[in-house]
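Undergrad: Quick one: this structure, given as structure tokens, is what I'll be asking you about.
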Amino acid sequence: MRALPVLVAVLLTAGCATAPASTRPADGVIRVPRDAGTIQAAVDAARDGDTVLVAPGVYRETVQIKTPNLVLRGEKRGGTVVDGEVRRANGVVVTASGVTVENLTVRNHTLNGVLVTGLSDERGGIARGSSGYQRLDPAKSPPLNGFRVSYVTASNNGLYGIYAFDAQHGVIEHSYASGSADSGFYVGQCKPCHVRVRGNVAERNAVGYEGTNASGDMVVVGNRFVGNRVGLTSNSDYQEAFVPQEDAEIVGNLVANNAEPLSPAQADGAFGIGIGIAGGTRNQVARNRIVGNPVAGLVLGSSEDLAPLRNEIVGNTITGNGLDVGYSASARAPGVDNCLRDNEVGTPVPACLTGVGTPLVRPKAPRGLPFPEVAAPPAQPEMPSTPLPPVDLATVVVPGPDLLADRAAVAL
């Protein structure tokens, strides 16, 4: 799966009329619709550090946030809805640093539910990214620095549910994504990332989580990736900058039963795989439960001329899959020292996987559903008044099969 340049070059459809200065209350909290009739009007009136608090309702607009350190918060997660009506490209677009988007729903957009990106032009719109022939210029498009997406429900979006691209120092947490025709959660083109993806649920997506060229202090921990077509991928891709992908930690996730036919079809047709690492280097896959994926639980392979190198697979439970561990490095890009230790694996695997592997046999995938037709998400918990503490990776153990089951529709 790829974040093609066109995905970050679309025109935004939100209105940009600036609200009068009187819209902004003295306490820095702008309430919608009491103080401003639309979310965009409230955002345009806000200053650095303000909060836009949105009452329950369906808001048919694209919201573009260019003000640093703004907090966009829904009063009710399932009731405060930014709806694209399968007409608008994006729900919430963040091109300023330090922004928080929390406790609301984004649905029915032709591209992305929430997009956080440093690829902004001189007017604050979305600029072009890399291609296979032209690289991102970090001087012209420095990464966005600091973001948080928390307790957001992203459903039935045409590409990504929650999408962080050319952005660093961020958190995507306690959110839910379904019906994404690419991936529910995506982090791409950051090095070093300094990003945490934690405590989320992804189901009925083409891919639950995807990290492309997402390298350096990149942590995916304690998530439920169950009932997608593919659970999780970490890969290198020349269509984004910062090749190859390196140094991600994938820890304590439940990655199971990823062969859901009632999900959008994936562009390259992958199906039935738990975790795939393509052309990645020095990643650690530790203490995950990877079960019931009918094609393969964990696959290590090449991406074009980029080999899987020195990845560590440690302390996982990998059982009951069609193939528990697959190794498909190509002759063009043979792997080196991809080593396993202390895993519970249903079938024997060499201690280290090096050289050329065996191509993965992929059965024909079911056709899938158009993204607007994927089932609506179940009710999700509201954001608590007190933030949850950071996760200490050293204390994370292999999760049980009931991880985050209370907010999932697809049972294990």
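The values are calculated or read from the model by the stated rules, or taken from the named source; none is laboratory data. Every value quoted in this text rests on a predicted model; they were computed, and no experiment measured them. So basically every Cβ, Gly included, is an ideal-geometry build from the backbone, and we count neighbours across all protein chains shown.
Undergrad: On the given criteria, is Glu260 of a type in the set (Asp, Glu) and either more than 25 Å from Gly158 (Cα to Cα) or assigned to a strand (DSSP E or B) (or both)?
TA: no
Undergrad: Next question. Go through region 304-350 and report how many residues are of a type in the set (D, E, K, R), surrounded by 15 or more Cβ atoms within 10 Å (Cβ to Cβ) and in a strand (DSSP E or B).
TA: Final tally of qualifying residues: 1.
Undergrad: Something else: Considering only residues that are surrounded by 14 or more Cβ atoms within 10 Å (Cβ to Cβ) and either without any contact (Cβ under 8 Å) to a residue 24 or more places away in the chain or among the basic types (Lys, Arg) (or both), look in region 353-370 and name the one that is nearest to Gly297 (Cα to Cα).
TA: Arg362
Undergrad: Is at least one residue of region 398-411 at pLDDT below 95, more than 20 Å from Thr233 (Cβ to Cβ) and in a loop (DSSP other than H, G, I, E, B)?
TA: yes
Undergrad: Looking only at residues in region 202-224 that are in a loop (DSSP other than H, G, I, E, B), among the charged types (D, E, K, R) and under 22 Å from Pro264 (Cβ atoms), which one is farthest from the chain's Cα centre (by Cα)? Outline the logic, then answer.
TA: Of the residues in region 202-224, the ones in a loop (DSSP other than H, G, I, E, B) are 203-206, 215-217, 222-223.
Going one step further and asking which of them are among the charged types (D, E, K, R), we end up with 203-204, 217.
Those left that are additionally under 22 Å from Pro264 (Cβ atoms): 203-204.
Working: Glu203: 12, Arg204: 14 Å.
Step by step, filter region 202-224, then rank; the result is Arg204.
Undergrad: Related question: Which residue is surrounded by the fewest Cβ atoms within 10 Å (Cβ to Cβ), if the candidates are limited to region 156-173 and must be touching a Lys or Arg at 6+ places or on another chain (Cβ under 8 Å) and either assigned to a strand (DSSP E or B) or without any contact (Cβ under 8 Å) to a residue 40 or more places away in the chain (or both)?
TA: Taking region 156-173 as the starting set, the residues that turn out to be touching a Lys or Arg at 6+ places or on another chain (Cβ under 8 Å) are 156-157, 170-173.
Going one step further and asking which of them are either assigned to a strand (DSSP E or B) or without any contact (Cβ under 8 Å) to a residue 40 or more places away in the chain (or both), we end up with 170-173.
Details: Gly170: 26, Val171: 20, Ile172: 30, Glu173: 23.
It comes out as Val171.
Undergrad: When you go through Pro334, Pro381 one by one, which is the residue that is closer than 26 Å to Gln284 by Cβ and not hydrophobic (A, V, I, L, M, F, W, C)?
TA: Working: Pro381 fails: closer than 26 Å to Gln284 by Cβ.
Criteria check complete, one pass: Pro334.
Undergrad: Let me ask something additional. Restricting the first residue to region 191-209 and requiring it to be in contact (Cβ under 8 Å) with a residue 24 or more places away in the chain, which pairs with a second residue that is in a strand (DSSP E or B) and basic (Lys, Arg) meet a Cβ separation below 6 Å and a spacing of at least six or different chains?
TA: Val201/Arg224
Undergrad: Select from region 73-111 the residues that are under 17 Å from the mean Cα position of the chain (by Cα), among the hydroxyl-bearing types (Ser, Thr, Tyr) and part of a strand (DSSP E or B) and write down the one among them that is nearest to Ala177 (Cα to Cα).
TA: Applying the filter and picking the extreme gives Thr105.
Undergrad: Taking Gly57, is it touching a residue at least 24 places away in the same chain (Cβ under 8 Å), of a type in the set (Gly, Ala, Ser) and crowded, with 19+ Cβ neighbours inside 10 Å? Show your work before the answer.
TA: Details: touching a residue at least 24 places away in the same chain (Cβ under 8 Å): yes; of a type in the set (Gly, Ala, Ser): yes; crowded, with 19+ Cβ neighbours inside 10 Å: no.
Criteria not met by Gly57.
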